[in-house]
Protein chains: 4
Amino acid sequence: MVGPTAILLVCCPDQRGLVAKIAHFIYSHNGNIIHADHHTDGVADLFLTRIEWEVAGFALGRSHIAEAFETYAQEQGLFPRPEEVRWHLDFSDRVSRLAIWVSRQDHCLLDLIWRQRAGELRADIPLIISNHDQNRAIAEQFKIDFHTIPVNPDHRVEAEAQQLKLLQTYNIDLVILAKYMQILSPDFLGQFSQIINIHHSFLPAFAGANPYQRAYVRGVKIIGATAHYVTQNLDQGPIIEQDVVRVSHRDDVTDLVRKGKDLERMVLARAVRLHLHNRVLVYGNRTVVFA
Amino acid sequence: MVGPTAILLVCCPDQRGLVAKIAHFIYSHNGNIIHADHHTDGVADLFLTRIEWEVAGFALGRSHIAEAFETYAQEQGLFPRPEEVRWHLDFSDRVSRLAIWVSRQDHCLLDLIWRQRAGELRADIPLIISNHDQNRAIAEQFKIDFHTIPVNPDHRVEAEAQQLKLLQTYNIDLVILAKYMQILSPDFLGQFSQIINIHHSFLPAFAGANPYQRAYVRGVKIIGATAHYVTQNLDQGPIIEQDVVRVSHRDDVTDLVRKGKDLERMVLARAVRLHLHNRVLVYGNRTVVFA
Amino acid sequence: MVGPTAILLVCCPDQRGLVAKIAHFIYSHNGNIIHADHHTDGVADLFLTRIEWEVAGFALGRSHIAEAFETYAQEQGLFPRPEEVRWHLDFSDRVSRLAIWVSRQDHCLLDLIWRQRAGELRADIPLIISNHDQNRAIAEQFKIDFHTIPVNPDHRVEAEAQQLKLLQTYNIDLVILAKYMQILSPDFLGQFSQIINIHHSFLPAFAGANPYQRAYVRGVKIIGATAHYVTQNLDQGPIIEQDVVRVSHRDDVTDLVRKGKDLERMVLARAVRLHLHNRVLVYGNRTVVFA
Amino acid sequence: MVGPTAILLVCCPDQRGLVAKIAHFIYSHNGNIIHADHHTDGVADLFLTRIEWEVAGFALGRSHIAEAFETYAQEQGLFPRPEEVRWHLDFSDRVSRLAIWVSRQDHCLLDLIWRQRAGELRADIPLIISNHDQNRAIAEQFKIDFHTIPVNPDHRVEAEAQQLKLLQTYNIDLVILAKYMQILSPDFLGQFSQIINIHHSFLPAFAGANPYQRAYVRGVKIIGATAHYVTQNLDQGPIIEQDVVRVSHRDDVTDLVRKGKDLERMVLARAVRLHLHNRVLVYGNRTVVFA
């Protein structure tokens, strides 16, 4: 089997030679590429790529790759407008640290924990934050620290300060809003931005509150769920994954909720896995998913 | 095989005994039920049913069934509040008369014609109306009358009068807006209301103009199409059928349009077929589809 | 909300008047039907129905309904060939008793337990049987009795005797093979036949062992899962539910297994729920699913 | 918009440096890559790639690219074991020539013609071959040559000789068996091998004759269609595309056939388009689809 790999994600203005030069950087250090996928967005005139190669046999030590690539990029003129470039290097055996935020519902929480235990997610889950106490038993059962931080308009600043402190203390890489059902302030998002939310509708349909109730009233024949990065505009962030399920006149709101739960946990889990495997590149309000 | 059948659709306030009494009406005249499906909407407190039985062997002649049922319903007290009741009797060998309205695109038009020729739709298509001349050749090829009625805000009243006249002349039962892309006035809809439209998005997402462009900008991972009855509120009518297809960052707007075309013709064709087979009951802004 | 209901499932040779007469039986005792769905299989000349009505207000006590219906059916000549008739009466508040059989994999087991705890399945789960000890901790965590019965060709008779004894002791209504991966003998099936299995392929494709490996070798673009009743012919029993997921050349066998797990637990859970809600009628090797 | 492009497909034993070297070949001649997708099959130890770059600005004339790449590959040692290498160069503005073979059904034929007319398929369709005369009118309507070649076990050799002659005469690149329903001999396939077939089931389920009838008897809840390259083993060739649709007990064989037709034409059209856009690489009995 393949051992640990290095993964390079790049988003930059398009120009000739990018594939050749980036691949040459890896090859010149004896790297063995096992996955490479490039996308050119002709509308935005951007080049987006994901390249993955084996660490074993690579001539550069892990801690020297980023600097070497930086130097190489300058020499080769890869990024003439550095301010428009984002690139990111990661390793397939790095274990991310997740904080799961929940409200009263437990289906997405349990599903993520089960998948993490089953080895589907390359991550630890040291922390659960909730505005209710309801899911504490689950946390205890799986020996995950659980912090209840009530949400109250009058004490929002304090609550968010407390939340941010926990993210730091636990050294969290990614927050997952697993049916957290609360809005985060621009201030908060300015300080921590790696956040994935699951919205219980096929966005942009039924953005906002009570999507299943509104889907029922509208009489749709299909319902959906959407996993997206959180931005300051509610339910407007870049979409990572969506899926749908068929419903009929026999389904009342309760049935929509039940069917939706299965969608929500599947869609959220897929999005989290794609993110953890460095398969998602955000640009503007869009994502490239190198699936 | 089964010969011609009678189909009874009923939507009325719920009460005990409706299934028994309606089925008894059919049985008491020696009818052989081959399909019966009932739905109770607990929220609206309505009973909705579709019953289909063989004409052969039925003791009542076709032209006497409706009157006999009316009388029976009164005797049995089926419908204590007649103003809240709608029922409809049809026969499976009645051939509906369709007018297809198109603009420049031809994919839904051709698809419907092909299905009608292939025997999938129990209907004749004597009339095509368009605001452009573009699809006249198709009409001629299939020997369907084609009328061009330009749409112009200044002459809308005249245009709609002309359209209504044609629907009368051709004795049209159902209008299909097969990518007609124009809005009909409340006046028009007051005079002719059996109209099915195909909208090129997963409603209520991207109601209105340019749904594919807007879906591209929003970065959705799935696009859809929606067939619905036309009401005075644009893209808000009762939904008959929806379906979706997955897209990715590799798809530009042109690809969304191309993939969407396949959705549009499938979804529209299914909705038209369901309507023609008397499988759709509208109540409020919802439909029951007895599929 | 609707209170407890009675559900009558009937499968019998078709004849005129069945809908009317069965509905009349309910109405004549003041029953309020909330769901009724009938199907006529023209090929097999069978009538299949599911009728559900409120217990509240019904003139017959629960324990007298079956006998009264039997008498009524005789008087009315509903079932002239009784040997070809199967009917079944159940109540929506009866709680079924499930035994889940597993091997080493835990995803279907955990999923069913979670759904039962979440109120999605109208059932108790007092018993887990396994041929391995692996999942004992899960059973203990949820306080479910766990019995390990090793499977060994030389001691199959004893093992099955032990299994049957447990089913009796725990008064089990339904066995769920949640990735049990072992074959049951005709003898066993002769003594206990209410068994649902999940097969990890889109049957009849890849019946038998190692379906994901074989799907990979065949290069399919879609994989599936199938929930079916167990019969003496391996993977040939009546299908209750199937679903599929798209795969690509990027997916190796490990990926198929991972994606398949999500399918397996969804499809199995849907099938179990349909069965518990008396929505499945088996006839021949087919099912009617009154969804 | 992007002008004409060159597309290079390569399948070869994996080694370090392939991405870098192939991309360098293009860059060194001033090529602007607009699409590049690589796949490493770890099981077969193969590297498979599709690279597409703009013809405009490329330093080599179209007719010199292949030879230059051959020379470059030798110099760089890209392909140490040439007998295990297949590569293919094509241009996005080359128009393929298709022969559609049909039997009595017309839905796939009409669909392909419609898509070709609508600009979805980069191809001409100069020739239709059938074993029946039934679809001649369609051919005439669209001004496509139509040849009836009856299939008769006693004259198979002559018939296939006649068919091969037509493929040569019309300079055909790709044969599409659009519900041709006849088997081609190994001899024929030895002489012409670019053939796509649509099979009306979810292969490998229901390979062979009468799949819908058999699907009905088996009581499946989902039916499918499969587009694959034709090989000497009936219905066993490399799969390009598959899709499915849900069915229920309400669907008899006629309904399966009707629903299946929609699947067949969609799946076949997608496969043909993928092939024409050089997005399919066959290796062993598998395909990589660079979608």
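Please treat every number below as a calculation from the coordinates, not as lab data. Values in this document were obtained by computation on a predicted structure and should not be read as measured data. Note that each Cβ is placed from the backbone with ideal geometry, even for glycine, and that neighbours are counted across all protein chains shown.
The figures follow:
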{"item": "Exam field: C:N152 pseudo-label spacings to other copies (7 Å along Cα-Cβ), nanometres", "result": "6.4, 6.9, 9.4"}
{"item": "Inter-copy label distances at C:Q134 (7 Å, Cα→Cβ; nm, one decimal)", "result": "3.4, 5.2, 5.9"}
{"item": "Copies compared at B:Q168 - label distances in nm, ascending, label defined 7 Å from Cα in the Cβ direction", "result": "6.8, 7.9, 8.2"}
{"item": "Using a Förster distance of 41 Å, the FRET efficiency for B:D93-B:D14 (Cβ separation, nearest 0.05)", "result": "0.80"}
{"item": "Amide hydrogen neighbours beyond the local backbone of D:L203, cut-off 5 Å, H modeled", "result": "D:T226"}
{"item": "Relative contact order for the stretch C:5-91, counting Cα pairs under 8 Å that sit 6 or more residues apart, in percent", "result": "45"}
{"item": "Taking C:T40, D:T71, B:T231, C:T226 and counting other C-beta atoms within 10 Å, the order from fewest to most", "result": "D:T71, B:T231, C:T40, C:T226"}
{"item": "Residues with amide H under 5 Å from that of D:I149, placed H, sequence gap 5 or more", "result": "D:S130, D:N131, D:H132"}
{"item": "Tail fraction, Cα-Cα pairs, the protein assembly as shown, threshold 44 Å, whole percent", "result": "44"}
{"item": "Charge dipole (debye, nearest 20) of the protein assembly as shown; +1 at Cβ of Lys and Arg, -1 at Cβ of Asp and Glu", "result": "0"}
{"item": "Formal net charge of residues neighbouring C:F146 (Cβ-Cβ distance under 11 Å; K, R +1; D, E -1)", "result": "-1"}
{"item": "Top of D:Y212, D:Y27, D:Y180 by mean-square fluctuation, Gaussian network on chain D, Cα under 10 Å", "result": "D:Y27"}
{"item": "Other-chain or far-sequence residues with amide H under 5 Å of B:D243's (modelled H)", "result": "B:A225"}
{"item": "Relative contact order %, chain A, counting alpha carbon pairs below 8 Å whose residues are six or more apart", "result": "15"}
{"item": "Rounded D (µm²/s) - chain A, Kirkwood Rh over Cα pairs, Stokes-Einstein at 4 °C, 1.567 mPa s", "result": "62"}
{"item": "Neighbour-count order for D:E84, D:E264, D:E54, fewest beta carbons within 10 angstrom listed first", "result": "D:E84, D:E54, D:E264"}
{"item": "HN-Hα J in Hz across the stretch C:115-131 - Karplus 6.51, -1.76, 1.60, θ = phi - 60°, x for Gly and Pro", "result": "5, 5, 4, 7, x, 7, 10, 7, 7, 9, 10, x, 9, 10, 10, 9, 8"}
{"item": "Around C:D90: net Lys/Arg minus Asp/Glu count, Cβ-Cβ under 15 Å", "result": "+4"}
{"item": "Packing-based exposure ordering (other Cβ within 10 Å, fewest first) of B:S28, C:S92", "result": "B:S28, C:S92"}
{"item": "The stretch A:133-239 - convex hull of alpha carbons, volume per residue in Å³", "result": "128"}
{"item": "Added length on full extension, which subtracts the Cα-Cα distance from 0.36 nm per residue, A:R136 to A:V85", "result": "14.1 nm"}
{"item": "³J(HN,Hα) computed for each position of the stretch D:222-232 - Karplus, 6.51 cos²θ - 1.76 cosθ + 1.60, integer Hz, glycine/proline x", "result": "9, 10, x, 9, 9, 9, 8, 6, 8, 10, 6"}
{"item": "D:A118/A:S193 FRET efficiency (R0 60 Å; Cβ-Cβ; nearest 0.05)", "result": "0.85"}
{"item": "Nearest residue to the symmetry axis between D and C, taken on chain D by its Cβ, in whole Å", "result": "D:A205, 2"}
{"item": "Calculated FRET value between D:N30 and A:N233, using beta carbons and R₀ = 35 Å, to 0.05", "result": "0.25"}
{"item": "Spacing of the two label points (7 Å from each Cα toward its C-beta) at A:R62 and C:A207, in nm", "result": "5.0"}
{"item": "From phi via Karplus (6.51, -1.76, 1.60), per-residue ³J(HN,Hα) for the stretch C:85-94 in Hz, x at Gly/Pro", "result": "10, 10, 9, 8, 10, 9, 10, 5, 9, 6"}
{"item": "Neighbourhood charge, 15 Å Cβ-Cβ cut-off, centred on C:A207 and excluding it, Lys, Arg +1 and Asp, Glu -1", "result": "+3"}
{"item": "Cross-link table C:K221/C:K259; A:K21/D:K21; B:K221/B:K259; C:K143/C:K165; B:K21/C:K21; A:K261/B:K259, entries beyond 18 Å C-alpha to C-alpha", "result": "C:K143/C:K165; A:K261/B:K259"}
{"item": "Beta bridge orientation in the protein assembly as shown: antiparallel %, DSSP, nearest 5", "result": "70"}
